[in-house]
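I'd like to ask some things about the structure below.
The values are calculated or read from the model by the stated rules, or taken from the named source; none is laboratory data. Bear in mind the structure is a predicted one, so any value in this text is a computation, not a measurement. Cβ: placed from backbone, ideal geometry, glycine included. Neighbour counts: every protein chain shown. Protein only, heavy atoms only, side chains kept; ligands, DNA and RNA dropped before computing areas. Shrake-Rupley method; radii C 1.70, N 1.55, O 1.52, S 1.80 Å.
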Amino acid sequence: MSAPSEPGAKRAVEAPLPRPPLRVLTPLRETGRLFALGWTVIRLTFRRPFQAREFIEQFWFIASVTILPAMLVTIPFGAVIALQVGSLIQQFGAQSFTGGASVLVLVQQASPLIVSLLISGVAGSAICADLGARTIREELEAMEVMGVSPVQRLVVPRVLAVMSVGLLLNGLVSVVGTLGGYFFAVIVQHGTPGAYLASFSALAQLSDLLIGELKAVLFGFIAGVVAAYRGLHPKGGPKGVGDAVNQSVVFTFLILFFVNMVLTALYLQLVPAKGL
């Protein structure tokens, strides 16, 4: 005869199993955690102690790996814009406005996008790989056991460094692109230097540069937060770190293009164009 089952065991067998989380809600959870990390970074930025040494090291590293590629990309980019805009404006008989039109396109749109792509592709991947390696080695858990916040110690200095480099790099890209466009518009297309500079002063205004700098800072913040989030949550060991790096770059590109579209639409609606 079989022994009678105990009441506790019977209840344990009959207890309903917990339902697995719905896959449909996974993107919403990931988005919520990403926004939570961004808010935590903003909140901890103004809390002491500030990791000045970590910020300087990350700033120097990001600047050293992005300055030269940014200049090399900007020169042909500015040349293409100047040639394309110049050939298009010639069809309308307004060649004298080539300088202003090409510089506006470069400062408002091209320069922040070049900076964002370089920062997310170079600096963002490095940040994600570094934090991902620390996560799988359980260094971040050890920091939490010692009472040190990994976000304040590691993430905040990196995000601020990315934002600072983006701000300065955007100005450098704007200057280099403008000089490249001047060279190709005046030398290659046989334009007039005076007309190039006059059209620039007639069409451009200070708010064009400010919106470009605002985009660069915001893009740097988004790239840093996305890279840090993917680095803090790798899956699958060392292979998961590589997958997290690829995902962070792709996600950052998609988010930055969408944010750029929104900011451009708001700017064109709120800021009137400069009259001739």
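Which one is least open to solvent (accessible area, probe 1.4 Å) among residues in the stretch 201-221 that are of a type in the set (S, T, N, Q) and part of a helix (DSSP H, G or I)?
Our first condition is that a residue be of a type in the set (S, T, N, Q); within the stretch 201-221, this holds for 201, 205, 207.
Narrowing the set further to residues that are part of a helix (DSSP H, G or I) leaves 201, 207.
Working: S201: 69, S207: 30 Å².
Checked the stretch 201-221; the qualifying residue least open to solvent (accessible area, probe 1.4 Å) is S207.
Got a sec? Which of G147, G194, G181 is open to solvent by less than 30 Å² (accessible area, probe 1.4 Å) and small (G, A, S)? Break it down stepwise before answering.
Working: G147 fails: open to solvent by less than 30 Å² (accessible area, probe 1.4 Å); G194 fails: open to solvent by less than 30 Å² (accessible area, probe 1.4 Å).
Result: G181 is the single residue among G147, G194, G181 that is open to solvent by less than 30 Å² (accessible area, probe 1.4 Å) and small (G, A, S).
Another one. I need every pair where a residue in the stretch 62-79 that is under 13 Å from S174 (Cα atoms) has its Cβ under 7 Å from the Cβ of a residue that is of a type in the set (F, W, Y) and open to solvent by 10 Å² or more (accessible area, probe 1.4 Å), sequence separation at least 6 or different chains.
Pairs found: A79/F184.
Moving to a separate point now. Which condition does A123 not pass, out of (1) in a helix (DSSP H, G or I); (2) open to solvent by 20 Å² or more (accessible area, probe 1.4 Å), if it passes all the others?
Every listed condition holds for A123 apart from (2).
Test each condition in (1) open to solvent by 30 Å² or more (accessible area, probe 1.4 Å); (2) under 16 Å from the mean Cα position of the chain (by Cα); (3) closer than 27 Å to L131 by Cβ for L232 and report the one that comes out false.
(2)
With respect to I56, determine if the residue is surrounded by 13 or more Cβ atoms within 10 Å (Cβ to Cβ), modelled with pLDDT of 80 or more and assigned to a helix (DSSP H, G or I).
So I56 does not fit the description; no.
With the requirement that a residue be among the aliphatic types (A, V, I, L, M) and touching a helix residue (DSSP H, G or I) at 6+ places or on another chain (Cβ under 7 Å), what does the stretch 219-251 give you? So that I can check it myself, show each step before the final result.
Initially, the stretch 219-251 is screened for residues among the aliphatic types (A, V, I, L, M), giving 222-223, 225-228, 232, 241, 244-245, 249-250.
Residues satisfying the conditions are I222, A223, V225, V226, A227, A228, L232, V241, A244, V245, V249.
When the stretch 243-272 is examined, which residues are found to be under 13 Å from S125 (Cα atoms) and in contact (Cβ under 8 Å) with a residue 12 or more places away in the chain?
A244, V245, Q247, S248, V249, F251, T252, F253
Results for (1) in a helix (DSSP H, G or I); (2) under 22 Å from L113 (Cβ atoms); (3) open to solvent by less than 40 Å² (accessible area, probe 1.4 Å); (4) of a type in the set (A, V, I, L, M), shown as yes or no for each residue.
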residue: V225; (1), (2), (3), (4): yes, yes, yes, yes
residue: Q247; (1), (2), (3), (4): yes, yes, no, no
residue: V250; (1), (2), (3), (4): yes, yes, no, yes
residue: F258; (1), (2), (3), (4): yes, yes, no, no
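Then there is this: If the requirement is being over 29 Å from S248 (Cβ atoms), modelled with pLDDT of 75 or more and in a helix (DSSP H, G or I), which of these qualifies: L113, L104?
Numbers: L113 fails: over 29 Å from S248 (Cβ atoms).
So the residue among L113, L104 that is over 29 Å from S248 (Cβ atoms), modelled with pLDDT of 75 or more and in a helix (DSSP H, G or I) is L104.
Among the residues in the stretch 21-35, are any of a type in the set (A, V, I, L, M, F, W, C) and either at pLDDT 80 or above or closer than 20 Å to G231 by Cβ (or both)?
Yes: one or more hits.
If the requirement is being crowded, with 18+ Cβ neighbours inside 10 Å, under 26 Å from the mean Cα position of the chain (by Cα) and at pLDDT below 75, which of these qualifies: G38, G78?
Answer to the check: G78.
Could you check, for the stretch 151-159, whether at least one of its residues is closer than 26 Å to L209 by Cβ, crowded, with 23+ Cβ neighbours inside 10 Å, at pLDDT 85 or above and of a type in the set (V, I, T)?
The answer is yes, given that some residue of the stretch 151-159 is closer than 26 Å to L209 by Cβ, crowded, with 23+ Cβ neighbours inside 10 Å, at pLDDT 85 or above and of a type in the set (V, I, T).
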